[in-house]
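Working notes for the structure below.
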Amino acid sequence: MLWVIKGLGPGGAERLLCAHANHHDAEHFEIECAYVLPWKDHLAEELESAGVATTCVSARHRDVLWPLRLARLVRSGHYDVVHVHSPLPGSVARLATRTMRPAQRPTIVSTEHNVWSSHRRPTRMLNRWTSRWNDTTFAVTDEVRTSVSGPLSNDVTTLRHGIDVDAIAQLRSSRAAVRQELGIAPTTFVIGTVANYRAQKDYPNLLRAIRLLQDRSVSVHLIAVGQGPGADDVASMVQQLGLADAVTLTGFRADAPRVMAAADVFTLASRWEGLPVAAMEATALSLPIVATNVGGLAQHFDDGLDALLVPPADSEALANALQAVLVDESRRSALGSASGERAADFEVTASIASIESAYGHERSNPGPLRGIATESRRSGAALRPLAGVNIRPATPDDRPALLELCRAALGWGDDPRFEQLFAWKHDENSFGPSYIWIAEDGQRVVGLRAFMRWRFQRGSQILHAVRAVDTAVHPDHQGRGLFTAMTLHGLDEIRQHGVDFVFNTPNAASHPGYIKMGWQDVGRVPVAIRPSGPAGLRRAAFSRTAASHWPSEAARPGAAFADVTINPRADVGAAASTDRTMSTDADDRFLAWRYGSPIHGYRVLDAGNGQ
């Protein structure tokens, strides 16, 4: 199975995928997930932990080539089912299947999470045109279902998705701990919301309602969990309304349901909605719900019985409803009890059974099933849990097995220069030999992680660092989290060796993995081309030939590098003495190693004037 979605940020559709991943029938399904937005990967690690391999099809922040990569993945992945959860990536995936032979085309399942009018017109039209190829189409609410137009309009099924009710209910005991973490007194009335900073969630409406409560001397504190493009605007409005002491903006929290356990009331001020996952989670926490009367909220909750529903964009009505719940303990208790009784309606297993039926599988036991896939679709090799893999430092005796692994995983073949390159990086480095860890499955080396030693100078201070470089995972063991496990294991041990920090210049494939581990982008290395003249500029502009991995004979150094004397910081000048400027501690020994190896194509050019 391939799930296709725009991003893996902390939104409702994405969290539904995580609920499905944690309960899918691992005996019958192996699931992968492709997403487009590399900066929205908050939930990728959770999916990976549940056995769902994730792939970002964008190589950088704004990558116009992602449709080609997604189409290539769909066509080459040998998938039985492609399940799309976003209109634009979903349209690309559907188009890709139409280029395949009919006998090879996967089943197309689509879930519509929002009313079609909320999509931009070009996206809506493309989605309408390609949706005719769906084999099964779900809508999360009746409102979403009735918004669908075109050939698909009479063939959409409303499917109420769900959550792991029991797991979230256990978080109720976190109330006191969360309040202590956030510095909120045990007796303070707390209103909680989980909503990203987008126009749909209408934070101005909610914040004005909180301001009205403050003006009425109703003492409340709002905890808002969310992230998104409107974060600065929301924070600015909090200040403008004088609510700095009454509002806590937590930003993204992977434990959003746990944070909501600290609330007395749950609220949503949305302009439109499907069926919000946060509202379902509020029922599992037995929280009274005060929300706008829109979308799935209006469909699944009864005003005055298990929730208080108010018109959208009406701050006074929202403030009145919140006040009615906060000041009346008996009403608050009754709404909380009614909300808790609704939780069973949102249990995840029922919706998963319907989805897997669309995949072509009927469960004999619709109860929750957990675990990772036991067979690799690509290789057919049996997989064992990551716990069965041993990670340890490499020894000199491991070198033949490491090189064999690199040949299998990195496509080195029999070219002896790769072995020379490995030795140059990890044995001959002027800063010292690399830290190398291997992963063993039994007696077999299945993973490699190497960190090159590096040294920087900032003013008079020397900083010891490691550069995360080579990684190799045997094809039979890819998609199991070995990259992350070996990296974190290695760094835990490196800390004991006086290393100040770790860095890398990741490529498009490794960048998402580093971000998931909490690494931060600090900038881009400046790169420039200086053509020798108009002819050189013309050659650069129209060149279509990729550079060879190895230098040509003409590019090899003609003289021993040791014969050349260079001031290693001549190009840095006075800036090297400042505390803010950091540069490689590049003495002659480093320069000879870095640029003097015969396997590289660097040359020293003498301008004739000592430079």
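The values are calculated or read from the model by the stated rules, or taken from the named source; none is laboratory data. Keep in mind that this is a model prediction, so the values were computed, not measured. As a convention, Cβ positions derive from the backbone with ideal geometry for all residues, glycine included, and neighbour counts pool all protein chains shown. Just so you know, the surface numbers come from the protein's heavy atoms only, side chains and all, with ligands and any DNA or RNA stripped out. Shrake-Rupley method; radii C 1.70, N 1.55, O 1.52, S 1.80 Å.
Below, the figures for the structure above:
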item: Packing-based order for 283-293, 191-201, using average beta carbon neighbours within 10 Å, highest first; result: 283-293, 191-201
item: Packing-based ranking, highest mean first, of 341-353, 131-143, 261-273 given that Cβ atoms within 10 Å are counted; result: 261-273, 131-143, 341-353
item: Protection-proxy order for peptides 18-29, 58-69, each taking the mean of Cβ atoms within 10 Å per residue, highest first; result: 18-29, 58-69
item: Computed E for residue 599/residue 101 - FRET, C-beta separation, R0 60 angstrom, nearest 0.05; result: 0.85
item: Average accessible area per residue (Å²) across the stretch 5-160 - probe 1.4 Å, nucleic acids and ligands excluded; result: 44
item: Separation of alpha-carbon centers, the stretch 81-109 and the stretch 122-170, rounded to whole Å; result: 16
item: Portion, in percent, of the accessible area of the stretch 240-347 that falls on carbon or sulfur, probe 1.4 Å; result: 45
item: Residue 302/residue 233 FRET efficiency (R0 56 Å; Cβ-Cβ; nearest 0.05); result: 0.95
item: Sequence-separation-based contact order of the stretch 114-217, relative, with Cα cut under 8 Å and 6+ spacing, percent; result: 18
item: Label-point gap, in nm, between residue 333 and residue 217 - each point 7 angstrom along Cα→Cβ; result: 2.6
item: Modelled FRET efficiency - R0 51 Å, residue 410 with residue 240, Cβ distances, 0.05 increments; result: 0.40
item: Long-range amide H partners of residue 275 with built H, under 5 Å; result: 296
item: Residues of the stretch 418-449 with amide N under 17 Å of a point placed 7 Å along Cα→Cβ from residue 550; result: 418-425
item: Amide H partners (placed H, <5 Å) of residue 470, local residues excluded; result: 450
item: For residue 33, distant residues with modelled amide H under 5 Å away; result: 3, 53, 54, 55
item: Accessible area of the stretch 1-135 belonging to carbon and sulfur atoms, whole % at 1.4 Å probe; result: 49
item: Where labels lie 7 Å past Cα in the beta-carbon direction, separation of residue 255 and residue 176 in nm; result: 1.6
item: For the stretch 337-342, Karplus couplings with θ = phi - 60° (6.51, -1.76, 1.60), whole Hz, Gly/Pro x; result: 5, 5, 4, x, 5, 7
item: HN-Hα J in Hz across the stretch 463-468 - Karplus 6.51, -1.76, 1.60, θ = phi - 60°, x for Gly and Pro; result: 10, 9, 9, 10, 10, 6
item: Simple label model, 7 Å out from Cα along Cβ direction - residue 528 to residue 125, nm; result: 4.4
item: Residue 600 - accessible surface, heavy atoms, 1.4 Å probe, Å² rounded to 10; result: 30
item: Whole-number accessible area per residue in Å² for the stretch 204-360, which is evaluated in the context of all protein chains at 1.4 Å; result: 36
